[in-house]
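What follows is a single structure, written as structure tokens, with notes after it.
The values are calculated or read from the model by the stated rules, or taken from the named source; none is laboratory data. No experiment lies behind these values; they were computed from the predicted model shown. Because the Cβ atoms are built from the backbone with ideal geometry, glycine has one as well, and the counts that use them run over all protein chains shown. We work out accessible area using only protein heavy atoms, side chains counted, and drop any ligands, DNA or RNA first. Shrake-Rupley method; radii C 1.70, N 1.55, O 1.52, S 1.80 Å.
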Amino acid sequence: VHLWVVPAAVAGSWSVEAEGQPRRSLRLEQRFQDLKGWLKLENVSQGLRWLTLRGADIAFRFVDLQGVGWDYRGRVLGRRMEGSFTSDKGAEGRWAALAD
């Protein structure tokens with residue numbers, strides 16, 4: 001028996017808003033469940049780490065320009081994503097993204 005979990009369609013550009021953070025641009029490239037992604041931080045594109053997509057569940061990590069790691073977890077809801085985040089320094093909150 002094989003189980004195939006169909007990944008949500010997330011390829012493209014997204015506008016991300018997170019509590020206490022400036023609006024950021026997210027770019028995702030997708031081939032089935034395999035993803036590559038970049039988040040724009042003050043005119044610098046940072047590659048996403050540990051980027052995973054299982055069905056509609058998405059998770060990724062990035063390191064900001066001050067060297068702080070941020071973990072985002074969420075769910076894809078069509079052309080919207082939403083979820084929660086935590087940082088290595090203990091910050092936490094909610095985030096949402098809309099497809100451009």
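Would you call ARG75 among the charged types (D, E, K, R) and under 17 Å from GLY47 (Cβ atoms)? Before you say what the answer is, go through the steps one by one.
On the way: among the charged types (D, E, K, R): yes; under 17 Å from GLY47 (Cβ atoms): no.
Considered against the rule, which asks whether it is among the charged types (D, E, K, R) and under 17 Å from GLY47 (Cβ atoms), ARG75 comes out as no.
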Requested in this report: Enumerate the pairs (first residue in segment 1-16 and on the phi > 0 side of the Ramachandran plot and modelled with pLDDT of 95 or more; second residue anywhere and open to solvent by 70 Å² or more (accessible area, probe 1.4 Å) and not aliphatic (A, V, I, L, M)) with beta-carbon separation below 8 Å, excluding pairs fewer than 6 apart on the same chain, so at least 6 apart or on different chains.
Outcome: GLY12/ARG27; GLY12/ASP100
Report summary line: Listed by first then second residue, the pairs whose first member lies in segment 37-65 and is over 19 Å from GLU92 (Cβ atoms), whose partner is surrounded by fewer than 16 Cβ atoms within 10 Å (Cβ to Cβ) and among the basic types (Lys, Arg), with beta carbons under 6 Å and at least 6 positions apart or on separate chains, are ALA56/ARG75
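Restricting attention to segment 31-48, which residues are over 21 Å from VAL63 (Cα atoms) and within 15 Å of the chain's Cα centre (by Cα)? Walk me through how you get there before you give the answer.
Of segment 31-48, the ones over 21 Å from VAL63 (Cα atoms) are 31-33.
If the condition is that a residue be over 21 Å from VAL63 (Cα atoms) and within 15 Å of the chain's Cα centre (by Cα), then GLN33 is the only one that fits.
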Report task. Could you check the chain for strands (runs of 3 or more DSSP E) lying wholly inside it with 1 or more residues that are small (Gly, Ala, Ser), surrounded by 13 or more Cβ atoms within 10 Å (Cβ to Cβ) and in contact with a Gly (Cβ under 9 Å, 6 or more places away or on another chain)? Result -> 12-18, 34-41, 57-63, 69-77, 80-87, 92-99
